[in-house]
1. Does region 250-268 include one or more residues that are in contact with a Phe, Trp or Tyr (Cβ under 8 Å, 6 or more places away or on another chain), of a type in the set (D, E, K, R), at pLDDT 85 or above and at negative phi?
2. When you check Phe57 against the structure, is it surrounded by fewer than 16 Cβ atoms within 10 Å (Cβ to Cβ), at pLDDT below 80 and not β-branched (Val, Ile, Thr), yes or no?
3. Among the residues of region 217-255, which ones are in a helix (DSSP H, G or I), in contact (Cβ under 8 Å) with a residue 40 or more places away in the chain and closer than 15 Å to Thr171 by Cα?
4. I'm told Gly335 meets every condition in (1) surrounded by fewer than 12 Cβ atoms within 10 Å (Cβ to Cβ); (2) under 26 Å from Leu282 (Cα atoms); (3) not aromatic (Phe, Trp, Tyr) except one. Can you identify the failing condition by its number?
5. How do the strands (runs of 3 or more DSSP E) wholly within region 281-344 filter down when requiring 3 or more residues that are not assigned by the TED database to the domain that holds Val173: which remain?
6. Return the residue satisfying two criteria in turn: it lies in region 313-324 and is hydrophobic (A, V, I, L, M, F, W, C) and at pLDDT 90 or above, and of such residues it is surrounded by the most Cβ atoms within 10 Å (Cβ to Cβ).
7. Hey, among Leu70, Leu26, Leu18, Leu30, which residue is without any contact (Cβ under 8 Å) to a residue 40 or more places away in the chain, outside the structural domain of Gln196 (by the TED database) and under 40 Å from the mean Cα position of the chain (by Cα)?
8. Considering (1) more than 22 Å from Leu202 (Cα to Cα); (2) of a type outside the set (S, T, N, Q); (3) assigned to a strand (DSSP E or B), say which one Val263 fails and leave the rest.
Amino acid sequence: MLIKRIIQLLFLSIGGMLGILFMPELLRILNMQDIPFINTPYTLAVLGAIVFFVATFWLVDYVVNWIKVLEEAVVKAPVTDVLFGSLGLIFGLIIAFLIGIPLNEIQYPVFNTIIPIFLTLLLGYLGFQIGFKKRDELINLFSTQNRIGKKKGAAEEESEIEDKKLKILDTSVIIDGRIADICQTGFLEGTIVIPQFVLEELQHIADSSDVLKRNRGRRGLDILNRIQKELAINVEIYEGDFEDIQEVDSKLVKLAKLTSGVVVTNDFNLNKVCELQKVHVLNINDLANAVKPVVLPGEEMNVQVIKDGKEHNQGIAYLDDGTMIVVEEGRNYIGKHIDVLVTSVLQTSAGRMIFAKPKLLEKAL
């Protein structure tokens, strides 16, 4: 194995250098410093290499396994994580080097040997951690600057930023499917962002043993494929993740905050969370409700009562767009078309509900 041979050569090289540095002292202790053949740099290097290699022979496999684990972790990590972690590491090492220059001028061994090594390890580690954990904010910083560019006026700049806000899709709105039609009509502008953790949740749903969930997940994947390939809209996959956050909804809110984006959903609870967190949210149900025909109290309509309601003597009917109509005293009309009078309309982000009563009952009163 190539990596194992490289590690062995490295250990031999280290042993050779240690032999040249410390073997003369060992020979002096053993009273062998006067032997010409032994007390030469080449012989000392060979002896040191052999001794060090034999002493650390058991360590080679552990080092190789550790390198393999590190390699797998780096390969699986997103490119942005590796890039910003490496940049942070380099920045930390540069700072450690600059601090170490004046320390090397101090004649005390502790200051010019131990402290520089400690600073190199500490600042390198801190640089990597800062670059890795702040990657999303750094990405947002650069992407925001690129999106904004140079604008002529404050009003024009604000309008441009608003138009180009990232639209972050959640799982529910993808499975719902109406988002594709909305994008096709051009009502949704800007870049559509699909986070990797949303894709993973969709994949998990599509692989579910439950038939209904599996069909919903596959429908969501088909919708994404349609948006990406058939529609003239920019679609980006966000590969980052928030490992300290477990819930997908919380990750969406965090991502929207970092990117100053807009969450697109039809989840009532996520809608409320976004409002509480001061995150801009677009609810597909709100849009659907906004374009429904306006129904006012006192209007007449003809409906078919199809089932009984939860309360006593209630009947349930539906409009063509799926709006539910609760018909008071309508249980006796199940299966029939009747004229009703609208008494009230309840409008929420979860949908619209119309309350009505039979017109015949109104006349009787």
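1. Yes, some residue in region 250-268 is in contact with a Phe, Trp or Tyr (Cβ under 8 Å, 6 or more places away or on another chain), of a type in the set (D, E, K, R), at pLDDT 85 or above and at negative phi.
2. So Phe57 fits the description; yes.
3. Those that are in a helix (DSSP H, G or I), in contact (Cβ under 8 Å) with a residue 40 or more places away in the chain and closer than 15 Å to Thr171 by Cα: Gly217, Arg219, Gly220, Ile223, Leu224, Ile227, Val248, Asp249, Lys251, Leu252, Leu255.
4. Tallying (1) surrounded by fewer than 12 Cβ atoms within 10 Å (Cβ to Cβ); (2) under 26 Å from Leu282 (Cα atoms); (3) not aromatic (Phe, Trp, Tyr), Gly335 fails exactly one: (2).
5. So the answer is 300-304, 315-318, 324-327.
6. The extreme case among them is Ala317.
7. Result: Leu70 is the single residue among Leu70, Leu26, Leu18, Leu30 that is without any contact (Cβ under 8 Å) to a residue 40 or more places away in the chain, outside the structural domain of Gln196 (by the TED database) and under 40 Å from the mean Cα position of the chain (by Cα).
8. Every condition holds for Val263 apart from (1).
The values are calculated or read from the model by the stated rules, or taken from the named source; none is laboratory data. All of these numbers come straight from a predicted model, not from anything done at the bench. We place every Cβ from the backbone using ideal geometry, glycine too, and count neighbours over all the protein chains shown.
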